[in-house]
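In what follows, a structure is listed as structure tokens, so that the remarks can point back to it.
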Amino acid sequence: MTGSTELERYETIRQRLAAGERILIDGATGTEVERRGVPQLENAWNGGGALSHPDIVRDIHLDYIREGAEIVISNTFATTRHALEDAGAGDLFDDYNRRGVELAVEARDGSRRPDVLVAGGVSYWSWTERHPPLDQLRNDAEQQMAVMKAAGAELLMLEMMVEIDRMTVLLDAARKTGLPVWAGLSCKPDASGTPRLFRGDLLSDAIVAAAEGGATLINIMHTEVEHVDACLDVVEDLWRGPVGVYAHSGAYDNGKWFFNDVISPEDYADAARPWIARGVQVIGGCCGVRAAHVAALKEIL
């Protein structure tokens, strides 16, 4: 059962958002694990570090906390049951998700920053395009989220929601945990300039579905820096709750992230200034964004 301290951490964040304050979150974990040399799990990307190199994963969380992050997200984006089964590690589903959250908690506990909130990162991405039926996805997500809650997650962060039907399933599963849930939408403008999720659904429809599904905050995340403003235009028209942004930078090919063209920390902070000016309250980074970027964001906050 979630204890009083955990409830107080999220309630403090909720009250600060309601008062108009800004919250700094972390940068990438998955690509940072890759950058630091942790071997990938074939068909489960950079999800293996929690068991193979826990000290590196813990250090990544600590680096973000030292730079001022107030929320850290577990490195569990790739530890869905179907991805781990594709990697031949389905029997370690509970272990990967438990340790993924525990390492973030351990980093918080070792940082002398007891106020830092630990979020469980949840997605449904597949590196083989093998997607389970929606009923199976719901069952798997419920188990994953229950493991995360027991391990100390105080918030569920849905990440790379690129299809409305699968996002809705994850929102349904999240409600059963009793934990608050934030929806992370990945989007870009189509040829006519209309923002859509990566798989084609209208961003506007996704925002309505997220609201109906119980999300309390919308994040525009894993989205190109240059596309964020167009996506925020749609969010502002349809969403009255708090908004976050954590964009990505770099290039992805055949399971690998390339860091040679990642935006500089200073330029990322400059890009974030207009987002903050238009009311974005939660700010951080996704793939390619490192502790130095979080430090630069801290300066402008």
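The values are calculated or read from the model by the stated rules, or taken from the named source; none is laboratory data. These figures come from a predicted structure and were not determined experimentally. As a convention, Cβ positions derive from the backbone with ideal geometry for all residues, glycine included, and neighbour counts pool all protein chains shown. What goes into the accessible areas is simple: the full protein's heavy atoms, side chains included, and nothing from ligands, DNA or RNA. Shrake-Rupley method; radii C 1.70, N 1.55, O 1.52, S 1.80 Å.
Cα convex hull, region 213-261: 98 Å³ per residue, rounded to a whole number. Overall, the accessible surface of the chain at a probe of 1.4 angstrom is composed of carbon and sulfur to the extent of 48 percent. Residues of region 204-245 with backbone nitrogen within less than 11 Å of a virtual label 7 Å along the Cα-to-Cβ line of Phe258, please, listed as ranges. Hits in region 204-245 for Phe258 at 11 Å: none. Over the C-alpha trace of region 77-201, radius of gyration and Dmax come out as 15.3, 49 angstrom. Net charge of the neighbourhood of Pro133, taken over other residues with C-beta under 15 Å away and scored Lys/Arg +1, Asp/Glu -1, is -4.
One decimal place: the segment Ala146-Glu42 gains 34.9 nm when fully extended, by the rule 0.36 nm per residue minus the C-alpha distance.
Excluding Cys286 itself, calculate the net charge of residues whose Cβ lies under 13 Å from the Cβ of Cys286, where each Lys or Arg counts +1 and each Asp or Glu counts -1.
Values: positive: Arg290; negative: Asp26, Glu32, Glu159, Glu224.
Cβ neighbours under 13 Å give a net charge of -3.
For Leu51 and Leu202, a Förster radius of 45 Å and the Cβ-Cβ distance give a FRET efficiency of 0.70, rounded to the nearest 0.05. Full extension of the chain segment joining Glu266 with Lys298 gains 10.4 nm, where the gain is 0.36 nm per residue of separation less the Cα-Cα distance. Here region 171-231 has an Rg and Dmax of 12.4, 40 Å, counting Cα atoms alone. Expressed in units of 2.2 N^0.38 Å, where N is the residue count, the Cα radius of gyration of the chain is 0.90.
Size of region 127-279 from its Cα atoms: along the principal axes, largest to smallest, the extents are 40, 38, 34 Å.
In straight-distance terms, cross-link reach from Lys176 covers every one of the lysines whose alpha-carbon lies under 25 Å from its own, apart from those fewer than eight places away in the same chain; here that gives Lys149.
Once the 1.4 Å probe is applied to the protein heavy atoms, the chain comes out at 39 Å² accessible per residue.
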